[in-house]
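Below is one structure, written out as C-alpha cells; the observations come after it.
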Amino acid sequence: MNILIASEKYKELRYPKNHPLRVPRVSLMLNYIKALGFDPNYIEGRNATIEELLLFHTKDYIDALIEADTNMKSSNYIREKYSIGTIENPISAGMWKGSLLATGSSVQAAEYYIKNHITSKEFVSFNPAGGMHHAMKSRANGFCFLNDPVVAIKYLLNNGFKKIIYIDLDAHHPDGVQEAFYDSKDVFLLSLHQSPEYAFPFKVGYQNELGTGEGFGYNMNIPLPQDINDSEFVYALEKAMEIAVDKFAPEVFVVQMGVDALKEDYLSKFNLSNNIYIKAIDVIKSYTKKFILLGGGGYNPISLARAWSLIWLYLEGIKPEEITITKEAKELLKSIDYEDFDELMEDDIYDTILDKPREGSIRIKEYLEKIFSLHKFII
Ligand SMILES: [Zn+2]
C-alpha cells in the first residue's frame with residue numbers, strides 16, 4: 001500500500017511575501033485531490049529529531065537555525081557564515097519549523113520503506129514537502145535549509161542498506177545531495193536538470209562531475225539545454241537509467257520529483273508538460289515496484305497542484321482519463337492569488353489535469369551519447 005505523508009500545517013509555515021516559495025503547495029495539493037472527489041488519505045508528517053538532522057548537518061548550523069527562528073532575525077555573523085536570513089534563504093516560519101516537518105516526513109518515508117520492503121510487493125512512500133536538495137551540511141542554499149533527501153538516505157544507510165540510487169528530476173541540479181555523497185560508493189546520484197550554464201546552481205551540475213575517491217563513477221549529471229520537449233526528457237531518463245541501474249544494481253530507489261521543470265514554472269526554461277511525470281513513474285516502475293518519492297521545486301501553484309495530484313492519483317491506480325475536473329476543483333485553482341505568470345499558462349489549465357503532450361524530435365541524442373560515454377568504463 002502506498003503512503004502519502006503530508007500535513008495541513010504547511011499552510012502556516014510559508015516563506016515570506018515576494019519569495020518563490022510563498023505559494024501554497026502541499027495543502028493545495030491535498031485540497032485539490034479532495035476537490036476532484038478523491039480521499040488523499042495521508043499520514044500526518046512529524047518533525048525530524050535533532051539526532052536525525054545530525055546524520056548530515058553540523059551542530060553549529062542547527063544551533064544557528066534555532067537561534068534565527070527564536071529571534072525571527074539573523075545576526076550578521078549567522079547571515080554570513082550560514083547564509084541564513086538572506087534574500088534567497090529568508091527567515092520565516094517555513095525556515096526552521098517547515099523544514100523540520102518536511103525532513104521528519106522524509107525520514108518517515110524511509111521508515112515506512114524499511115518496515116515494508118520485505119513484506120509488501122509494491123508501494124511508494126511519497127513526501128511531497130521533501131526534496132529540499134540544495135541545503136548544504138552547514139549552510140542554507142537555494143531556498144533550502146535542511147537537506148531531507150540526504151538525511152533520509154543516511155537514515156537508510158544506518159539501517160543497513162548499501163546501494164541507494166538517488167534520481168532527481170527537479171529543474172535544478174541537487175548540489176547539496178551531490179556534495180554529501182560525492183565520495184561515496186553507497187549512493188549513486190543520477191540527475192537530469194537545466195544546465196548550470198544558464199540555471200541555478202550555476203557552478204556545479206556538469207557532466208564531468210563523476211564523483212571522487214571511492215565515489216568515482218557514482219555521480220551522473222545530465223545537464224540539459226533550454227527548450228527540451230517531453231520526448232527528449234523521457235529519452236534522456238530512459239537511457240540514463242539503463243546505464244545507471246545496470247552498473248550500480250541499486251537496492252533502494254529514492255526519487256526527487258520537483259515539478260519546476262514544467263513549462264508553466266517561471267524558473268523553468270524547458271518546454272515540458274506534466275505527461276513526463278507519468279512516463280517517469282512508468283520508467284522507474286520498470287525497475288522497481290517499491291520506492292521513496294520526494295517532492296522538490298515547483299513555484300507555480302497551479303501547475304504544481306495539478307502535477308503532484310496527477311502523480312499521486314496515478315500511483316494509486318487512477319489513470320488521468322478517469323479523473324473528471326469538478327466545479328470545486330476548478331474554482332479552487334482559480335481562487336489562488338497568482339497572476340504574476342499568467343502568460344506561461346495554457347487557457348485550458350483549469351479544465352484539465354493532464355497537459356497536452358509537448359512532444360517532438362529528439363535533438364540531443366549525440367549530446368547524450370557523449371555524456372554516457374564518460375560512464376561506460378567506470379565502476
Ligand atoms: Zn528546482
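Readers should treat all values here as calculations from the given coordinates under stated rules, not as data from a laboratory. Quick caveat: nothing in here was measured; it's all calculated off a predicted structure. Virtual Cβ from ideal backbone geometry, glycine too; neighbours counted across all protein chains shown.
Table for the structure above
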| read-out | value |
| --- | --- |
| Reachable lysines from Lys327, criterion Cα separation under 24 angstrom, eight or more residues apart if same chain | Lys11, Lys34, Lys319, Lys356 |
| Candidate aspartates and glutamates - alpha carbon under 18 Å from Lys365, same-chain residues fewer than 8 apart omitted | Asp227, Asp230, Glu232, Glu238, Glu242 |
| Of all DSSP beta bridges in region 3-373, antiparallel share, percent nearest 5 | 5 |
| Long-range HN-HN contacts of Asp168 with modeled amide H, under 5 Å | Leu190, Ser191, Leu192, Gln256 |
| Backbone HN-Hα couplings from phi across region 179-192 [Karplus 6.51/-1.76/1.60, Hz, Gly and Pro as x] | 4, 5, 10, 4, 9, 10, 9, 8, 10, 9, 9, 10, 10, 10 |
| Reach of Lys290 by Cα under 18 Å, taken over lysines that are not fewer than 8 positions away in the same chain | Lys115, Lys121, Lys162, Lys163, Lys279 |
| Inter-probe distance in nm under a simple model that places probes 7 Å from Cα toward Cβ, at Glu343 and Ile378 | 4.3 |
| For Asp227, residues with placed amide H under 5 Å, excluding near neighbours | Phe270, Asn271 |
| Placed amide H near Ala129: partners under 5 Å, 5+ positions off or other chain | Gly295 |
| Alpha carbon convex hull of the chain, volume per residue in cubic angstrom | 126 |
| Label zone at Lys17 (point 7 Å along Cα-to-Cβ), backbone N below 16 Å, region 75-110 | 91-93 |
